[in-house]
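Report on the following structure.
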Amino acid sequence: MKRLIALMGLLLMVLAAPVAAAEMGEDGLHKEDWFSLTFKDVAEDIAAAKEEGKRLVLIFEQRGCIYCRQMHEKFFTDPEVTDYIKANFKVVQYNMFGDEEVTDLDGDVLTEKTAARKWGYVFTPTIVFLPEDVPDGDITTAKAAVATMPGAFGKWTFLNMFRWVREKGYETDEHFQKYHARIINELRAAGRLDAE
């Protein structure tokens, strides 16, 4: 009986323990095992995502970013969020101050940090949603983006942006904020709304 009680106590401790965050890389960024490792050629990555039936997303992060940590610890440990993203998006992580080579859609070869400057990204995390197809003409990645989410938000804002992009809400008259409000109201009506 004592063994059973001890075993149940151990099981409760394991179940109550927080979900482990992603591993920390040498660059100081959290690493999800489902992030895609690529040569950071944006055109190639858009095409590869399409071949997988997905959309390309770039996530800019930086060492010591508390909001990036929260994204990894709160959103990327939530199966509802990660299952949706993994099923629909190819995610490539960029270091806001990194030196890895990046090839922009316009052909410029840059480093991650010069790409972030060129594209005007100053917040981390910044999540950049790219079109389904490589755009024609001389266009930068920032101009080709169908949506950009600068900073960290609550779970539903975060997840709903991924859903809005997947559903091509940017091609409709329903602005993201209206879409988000509609989804929140639907969640409330279904009794599923967690604290945002």
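Coordinate-derived values only; no laboratory data. All of these numbers come straight from a predicted model, not from anything done at the bench. Here the Cβ positions follow ideal geometry from the backbone for every residue, glycine too, while neighbour counts run over all protein chains shown.
With all pairs of separate Cα atoms included, the chain yields a Kirkwood hydrodynamic radius of 18.2 Å.
Just order 115-124, 76-85 by mean Cβ neighbour count inside 10 Å, highest at the front, would you?
115-124, 76-85
Could you sort out which of Lys50/Lys113; Lys54/Lys113; Lys50/Lys90; Lys40/Lys118; Lys86/Lys113; Lys74/Lys113 sit more than 19 Å apart by Cα distance in this structure? From the list (Lys50/Lys113; Lys54/Lys113; Lys50/Lys90; Lys40/Lys118; Lys86/Lys113; Lys74/Lys113), the Cα-Cα distance tops 19 Å for Lys50/Lys113; Lys54/Lys113; Lys86/Lys113; Lys74/Lys113.
If I take R0 = 22 Å and measure r between the Cβ atoms of Asp83 and Ala147 in this structure, what FRET efficiency does the formula 1/(1 + (r/R0)^6) give, to the nearest 0.05? The computed FRET efficiency comes out at 0.60. Each of Met71, Met24 has some number of other Cβ atoms within 10 Å of its Cβ, and from fewest to most they run Met24, Met71.
Within the stretch 22-189, DSSP assigns beta bridges of which about 60% are antiparallel (rounded to the nearest 5).
Normalised by the number of residues in the chain, the average gap of Cα pairs under 8 Å and 6 or more apart makes the relative contact order 19 percent. A straight chain from Thr172 to Glu23 at 0.36 nm per residue would run longer than the Cα-Cα distance by 49.8 nm. To test your reading of the geometry: what angle, between 0 and 90 degrees and rounded to tens, separates the Cα axis of helix 42-51 from the longest principal axis of the chain? Compared with the principal axis, the helix lies near 60 degrees.
Gain on full extension, evaluated as 0.36 nm per residue between Ala190 and Asp33 minus their Cα-Cα distance, stands at 53.2 nm.
With just the Cα atoms defining each centre, how far is the stretch 70-109 from the stretch 143-183? Give it in Å. Rounded to whole Å, the Cα centres lie 16 Å apart.
Each label point was placed 7 Å from the Cα along the Cα-to-Cβ direction; for Glu44 and Tyr67 their separation is 3.1 nm. How tilted is helix 155-166 with respect to the longest principal axis of the chain? Cα atoms for both, answer in degrees (0 to 90, nearest 10). Computed tilt is about 40 degrees. Highest-first packing order for the peptide set 155-168, 100-113 is 155-168, 100-113, based on the mean count of other beta carbon atoms within 10 Å. Counting only alpha carbon atoms, the long axis of helix 79-88 and the longest principal axis of the chain meet at about 30°.
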